[in-house]
Amino acid sequence: MRVPILLLCTATVLIACTGTPDPGPVFDNESGSDLTCLRHQTQPPGPRYTDEAMRSTSETLSLLRYYTAHGRKPFCDGQASTEADKQWAQLYVTLGADRANVTALLG
């Protein structure tokens with residue numbers, strides 16, 4: 001009895017250790033359309049943006065383009081930035097972009 005349980009536990013640990021981590025949400029760039037206001041991001045950035053090994057150039061450029069073009073606009077609901085919005089804006093700055101484009105979002 002102990003051998004099958006030990007094999008099952010070992011297999012579970014190996015699968016957990018070799019599995020790919022959840023990359024997290026994709027930034028909502030609102031399809032890059034000509035925007036008059038911003039929508040809130042529903043989730044903070046995950047490893048797909050924060051972990052250099054998981055970063056996709058196209059996804060990162062989409063984020064940078066969005067805030068460069070629209071980061072100074074107000075939110076459509078008239079509310080302030082959420083914590084998720086602030087984290088995305090901080091990531092924009094961390095990636096080397098101009099803080100002036102997201103100063104209002106950072107609070």
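Heavy-atom accessible area per residue, the stretch 42-105, 1.4 Å probe: how many Å²?
Ligands and nucleic acids excluded, the result is 56 Å² per residue.
Give the share of C-alpha pairs in each 10 angstrom bin for the stretch 42-105, from 0 to the last occupied bin, in whole percents, shortest bins first.
Here the calculated profile for the stretch 42-105 is 22, 56, 21, 2.
Would you mind putting 76-84, 95-103 in packing order, based on average other-beta-carbon counts within 10 Å, highest first?
Answer by packing, highest mean first, reads 95-103, 76-84.
The values are calculated or read from the model by the stated rules, or taken from the named source; none is laboratory data. What you are looking at is a predicted structure, and each value in this text was computed from that prediction instead of being measured. Cβ coordinates were reconstructed from backbone atoms using ideal geometry, including for glycine residues, and neighbour counts include every protein chain displayed. We work out accessible area using only protein heavy atoms, side chains counted, and drop any ligands, DNA or RNA first. Shrake-Rupley method; radii C 1.70, N 1.55, O 1.52, S 1.80 Å.
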